[in-house]
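Only one structure is covered here, and it is reproduced in the block below.
Computed from the coordinates by the stated procedures, all read-outs in this text should not be read as laboratory data. As the structure is a prediction and not an experimental result, all values here were calculated from the model. Using ideal geometry, Cβ is built from the backbone for each residue, glycine included, and neighbour counts are taken over all protein chains shown.
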Amino acid sequence: MKHSRKLVFVCNGSDCKKEGAKKLSKELKNLTNESSMKGTCKFIKTKCMDMCKTAPNVIVGDHFCKKANLAAVIGQIKKS
């Protein structure tokens with residue numbers, strides 16, 4: 001049986017950090033470690049994605065979450 005985890009890229013550029021990327025990343029890790037989603041995601045911190053005007057930015061699979069918040073990212077993880 002093949003088990004695959006979803007890749008979630010969280011931008012850690014300066015503008016994204018100012019807009020709450022560190023807090024978002026921490027909330028995502030905590031939520032996925034406690035819930036039924038445990039072990040389904042791999043979180044990867046990235047350098048600037050050059051989309052600073054829409055910070056914070058998160059990529060889930062092949063979908064960009066601009067001005068990302070916890071609900072939007074979790075919703076996208078569940079979709080893909």
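Derived scalar couplings between HN and Hα for segment 50-58 equal 6, 10, 5, 6, 10, 5, x, 10, 9 Hz in order, rounded to whole Hz, by the Karplus curve 6.51 cos²θ - 1.76 cosθ + 1.60 (θ = phi - 60°), x for Gly and Pro.
Short to long, the 10 Å bins of the Cα pair-distance histogram for the chain hold 20, 56, 21, 3, 0 percent of all pairs. Close amide-amide hydrogen proximity is noted between GLY13 and CYS48, MET49, each under 5 Å apart and 5 or more residues distant or on a separate chain (H modeled in the peptide plane; Pro and chain starts excluded). Counting only Cβ charges, +1 for Lys and Arg and -1 for Asp and Glu, the dipole size of segment 6-79 around its Cα centre is about 100 debye. In degrees from 0 to 90, rounded to the nearest 10, what is the angle of the helix 70-79 Cα long axis to the longest principal axis of the chain? In the chain, helix 70-79 runs at an angle near 40 degrees to the longest axis. Neighbour counts of other Cβ atoms within 10 Å put SER25, SER4, SER35 in the fewest-to-most order SER4, SER35, SER25.
Helical runs assigned H by DSSP (4 residues or longer) give the chain a calculated mean residue ellipticity at 222 nm of -10500 deg cm²/dmol, each run adding -39500 (n - 2.57) before division by the residue total.
Working from Cα positions, state the angle (0 to 90°, nearest 10) between the long axis of helix 21-34 and the longest principal axis of the chain. Once rounded, one gets 10 degrees.
Considering only beta bridges that DSSP places wholly inside the chain, some 50 percent are antiparallel.
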